[in-house]
Amino acid sequence: MSIMDYNGGSVIAMVGKDCVAIASDLRLGVQSLSIASDFQKIFPVTDRIFVGLPGLATDVTTLHEQFRYRVNMYTIKEEREIEPEAFTALVSSTLYEKRFGPYFIEPVIAGMQKLPNGGYAPFIAGTDVIGCINFAKDLIVAGTASEKLFGVAEGLWEPDLEADDLFETISQSLLNAVDRDAYSGWGAIVHVITKDKVVTRTLKGRMD
Amino acid sequence: MDVSFAITGKGYVILAADTTAAHSILKVKLDEDKIKELSPHLAMAYSGEPGDTVQFAEYVERNIRLYQIRNLYPLRPASAASWIRRSLADSLRSRKPYSVNLLLGGYDTNTHTPHLYWMDYLGTLTEVPFGAHGYGSYFALSLLDRYHDPEAPLEEGLAVLRRCIDEVAKRLIVAQPKYKVKVIDKDGVREIEF
């Protein structure tokens, strides 16, 4: 059993038409013993960026605090909010700092990127434990149910989904994947990000 | 073989820990207090590697006290939990990590709410309505899933705790003869004869 699977938990992010969605389960366990069913793994970075941190739970909290600090410093120094691409680079370099004793987290980033013409484009990215970035155009999965998430999500996802359809797609992908994973589940949370608002919904899941 | 439980209820947190100090297969002490009172409205039940536990608990106690002396007001439960978690998380990636698991119970005198935090030696922190550490957790958590009521008065909370202790006594091979029980509510931390 890998340390990556010690606490359980999964995150998924998807791109839609002028929107992105990111979702996770809410379980915190110690191997197969469940401790809490309200453990957040997704955190807001700015009004338009969310980061999901599946992996070892102690590092979820440590990295969340670390990112909060570094984003605050960035905002003060630059006198503007961080953009998703810059935040992804920040995540990557933060993880690579610990190249030979890594944080056991595979972050997933989802946000709306500001364009030079004033519009917004959906953005998602993922990294491995040492910060190697994966800029995906469609979807990113991570966590103990990642294999199942790949299967379900690749079957359900299609390009240019509207916000409501994207919510349905990501929710069904996550709920059905975590039902086949003993280490993920116990409810889920979904954030759908558009250029001017974020809709957050908490889903009930199977409690077994 | 440490066993500890914690339950929240209407305006209180109950912490319970067995009182045996074991050395290998020997019980060397039967009235060890494994619940440290950190401040007027904060207490923590600790378990884990003997030696590390007391050392770490005293380190936490003195730092929480230092904060209170410097600032003239005590740390609130959430802040104390964050500070303790950070200590454990930093320790985890040091040459000799502390191997200590904690249940931190506190009463927030500003919002008048009880809080219970479950924490392990890795620095995993989560707020829970009830929690347990050690072999007792395999029995107590499923019992508490069924019988815990966050709005229960103290008497009912203690009755549920009794169920947990009885179940462990009945089913675990190593029965814990005695428990120390402490309640944290608006009046502070107090010990209850159980």
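Computed from the coordinates by the stated procedures, all read-outs in this text should not be read as laboratory data. Please read all numbers here as calculations on a predicted model, not as lab measurements. Every residue, glycine among them, receives a Cβ derived from its backbone with ideal geometry; neighbour counts consider all protein chains shown.
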### Task
Starting from the Cα gyration tensor of region A:78-166, take the square roots of the eigenvalues, sort them a ≥ b ≥ c, and report rounded, prolate or oblate (rounded when a/c is under 1.5, otherwise prolate if a/b is larger than b/c, else oblate).
oblate
### Message
Quick check for me: using +1 on Lys/Arg Cβ and -1 on Asp/Glu Cβ, what's the dipole size of region A:3-203 about its Cα centre, in debye to the nearest 20?
### Response
500 debye
### Message
From the helices alone, meaning DSSP H stretches of at least four residues, give me the mean residue ellipticity at 222 nm for the protein assembly as shown, per-run term -39500 (n - 2.57), in deg cm²/dmol to the nearest 500.
### Response
-10500 deg cm²/dmol
### Summary
When the charge dipole of region A:76-208 is computed with +1 at the Cβ of Lys and Arg and -1 at the Cβ of Asp and Glu, the Cα pointing farthest to the positive end, of A:F104, A:L139, A:L156, is that of A:F104
### Query
Which whole number of Å³ per residue matches the convex hull of the alpha-carbon atoms in chain A?
108 Å³
### Task
Add +1 for every Lys or Arg and -1 for every Asp or Glu among the other residues with Cβ under 10 Å from the Cβ of A:V129, and state the total.
-1
### Task
Using the Kyte-Doolittle scale, find the helices of chain B whose mean hydropathy is at least -1.0 and whose Cα atoms extend 24 Å or more along the helix's long axis, counting only whole DSSP H runs.
B:52-71, B:154-171
### Rounded FRET efficiency, nearest 0.05, which uses the C-beta distance separating B:L72 from A:D208 and R0 of 56 Å
0.65
### Task
Tell me the label-point distance for the pair A:D128, A:D18, using the 7 Å Cα-to-Cβ offset, in nm and rounded to one decimal.
3.8 nm
## Note on the structure
With +1 at each Lys and Arg Cβ and -1 at each Asp and Glu Cβ, the charge dipole magnitude of the protein assembly as shown around its Cα centre, to the nearest 20 debye, comes out at 1060 debye
### Query
Can you give the mean number of other chain Cβ atoms that lie within 10 Å of the Cβ atoms in peptide B:124-131?
5
### Query
What is the distance, in nm, between label points placed 7 Å from the Cα along the Cα-to-Cβ direction at B:H23 and at A:T200?
5.2 nm
#### Entry: Shape box of the protein assembly as shown [Cα atoms, principal axes, largest first, Å]
71, 46, 41
### Across B:K10/B:K170; A:K17/A:K114; A:K41/A:K204; A:K77/A:K137; B:K29/B:K96; A:K98/A:K204, pairs whose alpha-carbon gap is larger than 25 Å
B:K10/B:K170; A:K77/A:K137; B:K29/B:K96; A:K98/A:K204
### Query
Under 11 Å from a point 7 Å along the Cα-to-Cβ line of A:D164: which residues of region A:1-34 have their amide N that close?
none
### Task
Let me know the Kirkwood hydrodynamic radius for region A:109-208, please, with Cα pairs as the basis and the value in Å to one decimal.
14.7 Å
### Message
Can you compute the FRET efficiency between B:L30 and B:R162 using 1/(1 + (r/R0)^6), with r the Cβ-Cβ distance and R0 = 22 Å? Round to the nearest 0.05.
### Response
0.65
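With an 8 Å Cα cut-off and a minimum separation of 6 or more residues, compute the relative contact order for region B:3-192 in percent.
32 percent
Please go through region A:1-77 and write out the trypsin sites (Lys or Arg not before Pro) that DSSP classes as loop and that have at most 14 other C-beta atoms within 10 Å.
A:K17
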### Query
Between rounded, prolate and oblate, where does region B:88-194 land on the alpha carbon gyration tensor, with a ≥ b ≥ c its root eigenvalues, rounded for a/c under 1.5, else prolate if a/b exceeds b/c?
oblate
### Query
What's the extension gain from B:R86 to B:F194 if we count 0.36 nm per residue and subtract their Cα-Cα distance?
35.5 nm
### Query
On average, how much area does the Cα convex hull of region B:3-192 cover when viewed from any direction, in nm²?
10.6 nm²
### Task
Sort region A:74-116 into rounded, prolate or oblate with this rule: let a ≥ b ≥ c be the square roots of the eigenvalues of the Cα gyration tensor; rounded if a/c is under 1.5, and if a/c is not under 1.5, prolate when a/b is larger than b/c, oblate otherwise.
oblate
### Query
Which ³J(HN,Hα) values, rounded to whole Hz and listed in residue order, are derived for region A:11-21 from phi using the Karplus coefficients 6.51, -1.76 and 1.60 in 6.51 cos²θ - 1.76 cosθ + 1.60 with θ = phi - 60°, glycine and proline given as x?
9, 9, 9, 9, 9, x, 8, 6, 7, 10, 10
### Message
Just checking the output field for A:61-67: average partner chain Cβ neighbours within 10 Å of each residue's Cβ?
### Response
3
### Query
In region A:105-208, which trypsin sites (Lys or Arg not before Pro) fall in coil by DSSP and have 15 or fewer other Cβ atoms within 10 Å?
A:K137, A:R180, A:K195, A:K197, A:K204, A:R206
#### Entry: Label point distance in nm, B:D108-A:L156, each placed 7 Å from Cα along Cα→Cβ
3.5 nm
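Within 10 Å of each Cβ in peptide A:32-38, how many partner chain Cβ atoms are there on average? Round it to a whole number, please.
Mean partner shielding for this stretch: 4.
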